[in-house]
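Okay, structure first, notes after.
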2 protein chains.
Amino acid sequence: MTGTAPSPELLDRFAAIVGEANVLRSAQDLAPRLIENRGLYHGKSPLLLKPASTEEVSAILKLASETGTAIVPQTGNTGLVGGQTPSEDGSQLILSLERMNRIRDVDPVANVLVAEGGCILADVHKAADAVGRMFPLSLGSEGSCRIGGNLSTNAGGTAVLAYGNMRNLCLGLEVVLPTGEIWNGLRRLKKDNTGYDLRDLFIGAEGTLGIITAAVLKLFPQPAGHQVAFAGLASPDAALKLFEKASNLCGTALTGFELMPRIGIDFTTRHIQGVRDPLENPHAWYTLIDISTNDSAATAETMVQTLLEQGFEAGLIEDAVIASSVAQQKALWHMRESMSDAQKPEGGSIKHDVSVPISKIPSFMAEAEKAVLAAMPGARVCAFGHLGDGNIHYNISQPVGADKAEFIARWREINAIVHGIVLEAGGSISAEHGIGQLKRDELAHIRPEIEIDLMRRIKHAFDPAGIMNPGKVVSV
Amino acid sequence: MTGTAPSPELLDRFAAIVGEANVLRSAQDLAPRLIENRGLYHGKSPLLLKPASTEEVSAILKLASETGTAIVPQTGNTGLVGGQTPSEDGSQLILSLERMNRIRDVDPVANVLVAEGGCILADVHKAADAVGRMFPLSLGSEGSCRIGGNLSTNAGGTAVLAYGNMRNLCLGLEVVLPTGEIWNGLRRLKKDNTGYDLRDLFIGAEGTLGIITAAVLKLFPQPAGHQVAFAGLASPDAALKLFEKASNLCGTALTGFELMPRIGIDFTTRHIQGVRDPLENPHAWYTLIDISTNDSAATAETMVQTLLEQGFEAGLIEDAVIASSVAQQKALWHMRESMSDAQKPEGGSIKHDVSVPISKIPSFMAEAEKAVLAAMPGARVCAFGHLGDGNIHYNISQPVGADKAEFIARWREINAIVHGIVLEAGGSISAEHGIGQLKRDELAHIRPEIEIDLMRRIKHAFDPAGIMNPGKVVSV
């Protein structure tokens with residue numbers, strides 16, 4: 001994407017909508033907004049706007065459509081595919097929702113919460129807790145990611161097994177269209193078959209079809225019982241068999257089932273403060289099992305004990321521990337959630353966010369490791385993730401002592417190897433992180449032409465001026 | 001919608017695609033396909049086509065787009081809003097998926113089943129049962145409705161509480177676009193964030209954006225325990241309070257929570273063979289409670305007993321019975337599912353398929369009844385439905401002895417009264433049946449202009465020739 005830098009006069013017209021106090025213009029102020037977490041993309045932008053209301057967002061997009069000015073929406077800037085980063089030519093403005101962070105309503109009887117797009121996920125958790133309810137979306141970045149971004153990327157995380165992705169946690173939306181028109185679809189209904197599903201079209205569109213300014217989110221009862229267990233196993237196959245047992249035993253009380261390799265435990269115990277291996281001896285693989293029950297604490301206790309007994313009896317579990325306090329539960333989850341960060345001190349890391357039908361996880365793991373090691377001897381595969389969803393964060397740390405830049409330069413090559421195996425298995429090259437800039441061209445390559453064409457037709461229909469986060473998801 | 005009747009030559013070109021043995025042309029053969037269940041719409045058509053494959057569907061739609069011939073897709077012809085009925089001018093052809101009724105694959109390990117659009121829902125149930133799994137969509141019409149229609153209307157039914165609508169039960173689709181292009185989106189993944197959510201756009205589009213020729217459906221474990229209870233109560237408010245208790249106690253093991261009025265029990269016991277009132281004395285309201293557990297039969301037993309105890313203790317339940325055999329369970333569900341049919345012998349019935357936030361059900365019931373009786377003294381409100389989803393089939397039988405035609409002539413007037421109260425409560429005028437012809441203009445009236453406009457833009461983008469079930473959902 002190349003565009004023309006907006007004139008100073010035009011920048012002032014945009015700034016006037018929100019007031020000079022609510023813009024960033026200097027290179028220093030803008031710097032942290034122009035780089036994403038992994039450092040893969042560095043953008044340029046002359047102006048970041050912080051509207052305080054849906055009406056201000058509307059005015060910005062109206063002016064943008066009239067003047068052909070590209071707008072990049074940004075919330076917590078925690079995305080992992082460059083979807084929130086402007087292009088490098090300095091033609092795109094950033095619209096940050098950070099001031100639109102009000103919880104507009106909480107209704108514990110109807111079990112809904114209405115949050116603005118700039119609400120931090122952790123603040124939504126707190127608002128739900130305050131009325132004795134729970135909002136289940138749970139991510140490593142929940143202290144900084146924001147609801148608008150969670151929706152725009154259809155965020156997943158660790159509780160998808162029981163509660164679904166962000167798509168499943170949202171009843172209604174308020175969206176400002178690229179033209180500046182406001183769509184009020186803030187409905188609170190479980191069932192509503194009235195025409196095309198616009199809501200699900202905006203969810204996961206990564207800000208390319210409009211800006212989500214508010215959403216009706218589903219709340220749930222706080223569980224009466226909660227148990228977390230950690231088990232050492234010999235293989236992903238053993239983990240899959242244990243998952244099947246857990247699924248049958250617990251049904252939707254099974255709220256998490258994570259797979260981790262030994263090297264992930266090594267990395268976290270080595271680099272993350274306070275993390276220690278809770279089991280006496282090392283095991284090749286591990287699962288973190290999370291069980292939440294609605295009726296009583298006793299049910300969760302019985303379930304976790306029964307599951308571990310079944311796992312030992314079937315020869316699936318080598319060793320296991322049940323967290324005996326909330327602090328221990330948090331420590332186990334902290335180990336899992338810091339597994340990505342723990343790779344940083346080990347040098348470069350080439351990452352994949354893939355899913356395969358869950359029955360194919362063991363064969364995928366075996367094939368991918370073989371292929372990666374053949375291409376790059378000494379590479380250290382640290383593949384972990386949400387086994388119950390078929391979603392593996394297939395991360396590869398550089399060989400010990402290798403040159404980081406040379407390693408990272410092989411990102412696309414290694415992607416092609418891993419994604420090839422994923423696609424053979426009928427899998428997805430982006431299970432939960434989205435497409436952004438990182439996977440746009442690859443998506444167009446692997447999907448049928450008609451699918452990309454339908455996306456383009458939708459993009460044109462919603463954003464005729466082409467100003468809405470251009471260059472992301474689908475090229476136009 | 002008015003169009004030109006296709007020439008005999010053009011009809012022959014369409015017929016040649018499927019072969020003369022697989023078309024209906026005579027008025028007699030076509031008659032049952034031109035009228036829908038409620039008799040509100042009578043269409044005309046010169047030709048019904050029965051393609052046997054996705055490729056034949058594609059050839060039909062390609063020819064239709066080229067020649068500007070309107071095509072109305074039809075599956076089980078059980079829809080309740082005229083979505084499957086052609087217009088009255090005889091210009092539209094019917095495409096029936098009845099020969100595309102193969103189950104393409106069943107995979108009990110991955111818990112998926114791939115069905116063609118013409119599969120009868122009950123046959124999908126059987127195919128799942130045969131491998132020890134369950135497909136949860138459950139409707140009164142399941143012996144004749146077909147998967148393509150279930151998807152195109154985002155069907156709901158009695159198990160939505162635990163398993164969701166059809167939208168939630170589908171992982172992937174194969175769709176023939178109005179242009180004849182085939183989109184193969186038959187993915188089997190739980191998590192797949194790769195661009196716009198085309199799947200959910202086709203689901204619920206009522207055949208106006210393309211024809212769903214196959215789908216990947218989710219299977220579930222067969223429950224280990226199943227209990228059905230029937231309770232008499234004083235009011236919808238008592239039922240709502242009991243629902244809250246049930247929801248907290250059972251979580252997602254609560255697989256059904258239906259509300260019924262006394263008059264519904266009167267109608268079914270009077271008109272439906274084999275139905276009898278299982279309780280000794282009459283009550284103003286009733287709930288049917290369905291509980292399914294995955295771990296053991298004992299859990300369901302404990303749950304249903306505990307729930308009834310809690311309900312009696314709280315003074316919410318006046319009397320109750322637990323079905324003691326599968327036959328009794330079926331009998332209770334049969335009463336509920338025949339409640340719509342039982343109204344037919346009572347004369348005309350004006351129907352509504354509405355939802356409101358569930359906390360507002362009691363006030364909605366009270367207000368709506370007051371308003372209906374004020375407008376039409378003697379009318380008999382038989383409002384029943386899926387309380388746990390906020391979805392009420394607000395049906396009104398004519399006053400005893402009134403003229404049926406005169407009563408039915410007031411359909412729109414009474415709709416306006418009931419829908420007005422629904423909309424005040426933030427509800428939906430079509431919770432699960434869809435829009436079709438019946439509610440198209442009303443939808444355009446009650447929704448913001450931008451919402452209808454976005455639907456039109458999508459329609460144009462997908463169906464530039466305007467041949468795909470025209471006149472349904474949104475006017476173009």
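The values are calculated or read from the model by the stated rules, or taken from the named source; none is laboratory data. Small disclaimer: the values here were computed from a predicted structure and weren't measured. Neighbour counts run over all protein chains shown; Cβ positions are idealised from the backbone, glycine included. To get the accessible areas, we keep the full protein, side chains included, count just its heavy atoms, and leave off ligands, DNA and RNA. Shrake-Rupley method; radii C 1.70, N 1.55, O 1.52, S 1.80 Å.
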Just counting partner chain Cβ atoms within 10 Å, what average do the residues of peptide A:358-365 show around their Cβ?
-> 2
Over the Cα atoms of segment B:358-476, Rg to Rh with Kirkwood Rh, two decimal places?
-> 1.04
Want the number for residue A:405 to residue A:273: 0.36 nm per residue separation, take away the alpha-carbon distance, what's left?
-> 44.8 nm
At a 1.4 Å probe radius, carbon and sulfur cover how many percent of the accessible area of segment A:1-119?
-> 50
Using alpha-carbon coordinates, inclination of helix A:449-462 to the longest axis of chain A, degrees | 50
Derived scalar couplings ³J(HN,Hα) [segment A:100-107; Karplus, 6.51 cos²θ - 1.76 cosθ + 1.60; whole Hz; x for Gly, Pro] = 8, 10, 7, 8, 6, 6, 10, 10
Pop the C-beta distance of residue B:280 and residue B:4 into the FRET formula with R0 = 60 Å and round what comes out to the nearest 0.05.
-> 0.40
Bin by bin, in steps of 10 Å, what percent of the Cα pairs in segment B:342-390 do you find, going until the bin that has the longest distance?
-> 21, 51, 26, 1
Plugging the Kirkwood radius over Cα pairs into Stokes-Einstein for segment B:134-212, at a temperature of 4 °C and a viscosity of 1.567 mPa s, what D comes out in µm²/s?
-> 98
What ³J(HN,Hα) values, in whole Hz, does the Karplus curve 6.51 cos²θ - 1.76 cosθ + 1.60 give for segment B:85-97 when θ = phi - 60°, with x put for Gly and Pro?
-> 9, x, 5, 8, 8, x, 8, 9, 9, 9, 10, 9, 8
Between the chain alone and the structure with every protein chain in place, find the residues of segment A:83-119 that drop at least 10 Å² of accessible area; heavy atoms, 1.4 Å probe.
-> A:109, A:110
Just the accessible area per residue of segment B:187-344, please: how many Å² with a 1.4 Å probe?
-> 36
Identify the trypsin sites (Lys or Arg not before Pro) of segment B:225-290 meeting these criteria: DSSP loop state and at most 15 other C-beta atoms within 10 Å of the C-beta.
-> B:276
Once the Cα gyration tensor of segment A:168-269 is diagonalised, semi-axes √(5λ) in Å | 39, 19, 13
What is the diffusion coefficient of segment B:220-356 in µm²/s, taking the Kirkwood radius over Cα pairs and the Stokes-Einstein relation at 10 °C with a viscosity of 1.306 mPa s?
-> 103
Run the accessible area of segment B:227-304 with a 1.4 Å probe and give the carbon-and-sulfur part as a rounded percent.
-> 46
Projecting the Cα atoms of B:464, B:420, B:445 onto the charge dipole of segment B:415-476, where Lys and Arg contribute +1 and Asp and Glu -1 at Cβ, the residue farthest towards the positive end is B:464
Quote the charge dipole size of segment A:377-476 about the Cα centre in Debye, to the nearest 20; the model charges only the Cβ of Lys and Arg (+1) and of Asp and Glu (-1).
-> 200
Report the charge-dipole magnitude of segment A:149-250 in Debye, nearest 20, computed about the Cα centre from +1 at each Lys and Arg Cβ and -1 at each Asp and Glu Cβ.
-> 380
Virtual spin-label span in nm between residue A:245 and residue B:21, 7 Å along Cα→Cβ | 5.4
For the protein assembly as shown, size of Cβ-based charge dipole, Lys and Arg +1, Asp and Glu -1, in debye = 720
Helix B:121-130: inclination vs chain B longest Cα principal axis, degrees, rounded to 10, gives 70
Computed over the Cα atoms of segment B:378-448, what is the convex hull's projected area averaged over all directions, in nm²?
-> 5.5
So what are the radius of gyration and Dmax for the Cα set of the protein assembly as shown, in Å?
-> 28.2, 92
Cβ-derived FRET efficiency at R0 60 Å, residue A:324 paired with residue B:38, nearest 0.05 | 0.50
With a 1.4 Å probe and ligands and nucleic acids left out, the total accessible area lost when A pairs with B, in Å² to the nearest 100, equals 5800
Please tell me the relative contact order of segment B:3-54 in percent, rounded to the nearest whole number, where contacts are Cα pairs under 8 Å and at least six residues apart.
-> 40
Where the label is 7 Å out from Cα toward Cβ, how close does residue B:29 come to the same position in every other copy, in nm, shortest first?
-> 7.5
Apply the Kirkwood formula to chain A: the hydrodynamic radius equals the inverse of the mean of 1/r over all pairs of different alpha-carbon atoms; give it in Å with one decimal.
-> 23.4
Holding the Cα-Cα limit at 23 Å, pick out from A:360/B:126; A:351/A:404; A:330/A:404; A:241/B:218 the pairs that are longer than that.
-> A:360/B:126; A:330/A:404
Given the candidates A:60, A:28, A:47, the one whose Cα lies deepest towards the positive end of the charge dipole of segment A:26-68, counting +1 at each Lys or Arg C-beta and -1 at each Asp or Glu C-beta, is A:28
Once a ≥ b ≥ c are taken as the square roots of the eigenvalues of the Cα gyration tensor of segment B:317-424, is the result rounded (a/c under 1.5), prolate (a/b larger than b/c) or oblate (a/b not larger than b/c)?
-> oblate
Per residue, the convex hull volume that the Cα atoms of segment A:1-40 enclose (Å³) = 106
Using only alpha carbon pairs under 8 Å that are at least six residues apart, calculate the relative contact order of chain A and give it in whole percent.
-> 16
In degrees, nearest 10, range 0 to 90: what is the angle between the Cα axis of helix A:8-18 and the longest Cα principal axis of chain A?
-> 60
DSSP loop (so not H, G, I, E, B), at most 13 other Cβ within 10 Å: list which GluC sites (Glu not before Pro) in segment B:220-284 pass both filters.
-> B:280
Taking H placed 1.01 Å from N in the peptide plane, check which residues at least 5 places from residue B:319 or on another chain put their amide H under 5 Å from its amide H.
-> B:232
Once the Cα gyration tensor of segment A:11-66 is found, what semi-axes does its equivalent ellipsoid get, as square roots of 5 times the eigenvalues, in whole Å, sorted largest first?
-> 23, 13, 10
Compute the projected area of the convex hull of the Cα atoms of segment B:1-155, averaged over all viewing directions, and report it in nm² to one decimal place.
-> 9.6
Calculate, in whole percent, how much of the Cα-Cα pair population of segment A:26-99 lies beyond 22 Å.
-> 19
With DNA, RNA and ligands ignored, accessible area of residue B:341 (1.4 Å probe; Å², nearest 10) | 90
What FRET efficiency comes out for the pair residue A:341/residue B:424, r = Cβ-Cβ distance, R0 = 56 Å, nearest 0.05?
-> 0.65
Burial of 30 Å² or greater, segment A:426-452 residues [accessible area, probe 1.4 Å, versus chain by itself] | A:431, A:447, A:450, A:451
Along Cα-to-Cβ, 7 Å out, sits the label point; list in nm, shortest first, how far the one on residue B:363 is from those in the other copies.
-> 5.7
